Structures are given as C-alpha cells and as structure tokens.
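Data block below; observations after.
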Amino acid sequence: MLRAPDRGQPLTLLLPVDTEMSIRLDAAARLTHSAGATAAYSPTPLQRTRLVLLIHILDAIDEGLSKREIARRLIYRNMPELRGATWKGSSERRRIHRLALEALRLRDNGVADLLHGRLHPPG
C-alpha cells in the first residue's frame, strides 16, 4: 500500500511480512526503480508469445470451449476435422492437453511464479 501523509512528502510503502515477502520486495523494487529493479524478470519474445497463447487458452476454457475447439481456433487453424479415435490418438490432442494444463497452472500459481521469473515447463 502506498501512502502520502502530506502533499509534497515522500511516499511510504508498507509491505506485509509473510511467506511472499521476497516477491513483494522485488515488486517494490520495480515500483520504486531502485537498484534491484534492474534484475527484474523480463520474458524473452518466445516466452511472451507463449504466455499470450496460454492466456488465450484460459479465455477459451472460460468460454466453455472443448479442447478440440481450442486446438482448431488457436493452434491448428488449418487442422482437418478430427473425430473419434483419430482425435483421441492425435498429437494435436496431446499438445492442447499439455498447453491447457500449463495455462491452468499459470492461472493458479502464476502471479508468484511470474514475479520470481519462473515459467513451468510444458507437461
């Protein structure tokens, strides 16, 4: 929480001391542009692309789309219609399943992990 007691006075930053203290300190360093902020996590272009894809997958899951629909809309736009055993045994199905699990993991643990600069490996 930021507080300015009087106009013109420096801001005060209050942080709870808990199990996420290291994350809070890193975020505070970024906020105040202190020396520690230069070591802040910045994803590579490939990681940014993957994070955007994972967010789109989460949005599609929230919309109630099936994994097959998600695969056709987001990843395999030119994929022919796969049905039954063909879909069940496909590498496309396995990949979308792994990506969906990674997206859900990001949603459930993502804030702390991203602030620590950790991306979960697929699978």
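The values are calculated or read from the model by the stated rules, or taken from the named source; none is laboratory data. Note that this is a predicted model, so its numbers are computed, not measured. So basically every Cβ, Gly included, is an ideal-geometry build from the backbone, and we count neighbours across all protein chains shown.
Scan the stretch 46-68 for residues that are within 16 Å of Glu92 (Cα to Cα), at pLDDT 90 or above and not in a loop (DSSP other than H, G, I, E, B) and jot them down.
Within the stretch 46-68, Leu53, Leu54, Ile57, Lys67 meet the criteria.
Evaluate the following for Tyr41: is it within 28 Å of Ala103 (Cβ to Cβ), among the aromatic types (Phe, Trp, Tyr) and at pLDDT 85 or above?
Working: within 28 Å of Ala103 (Cβ to Cβ): yes; among the aromatic types (Phe, Trp, Tyr): yes; at pLDDT 85 or above: no.
In short, no.
Report, by residue number, each residue of the stretch 72-105 that is of a type in the set (Lys, Arg) and in a helix (DSSP H, G or I). Step through it out loud before you land on a result.
Going residue by residue through the stretch 72-105, those that are of a type in the set (Lys, Arg) are 72-73, 77, 83, 88, 93-95, 98, 105.
Matches in the stretch 72-105: Arg72, Arg73, Lys88, Arg93, Arg94, Arg95, Arg98, Arg105.
Leu58 - would you say it is in contact with an Asp or Glu (Cβ under 8 Å, 6 or more places away or on another chain) and in contact (Cβ under 8 Å) with a residue 24 or more places away in the chain? Write out each step before concluding.
Details: in contact with an Asp or Glu (Cβ under 8 Å, 6 or more places away or on another chain): no; in contact (Cβ under 8 Å) with a residue 24 or more places away in the chain: yes.
No: the conditions fail for Leu58.
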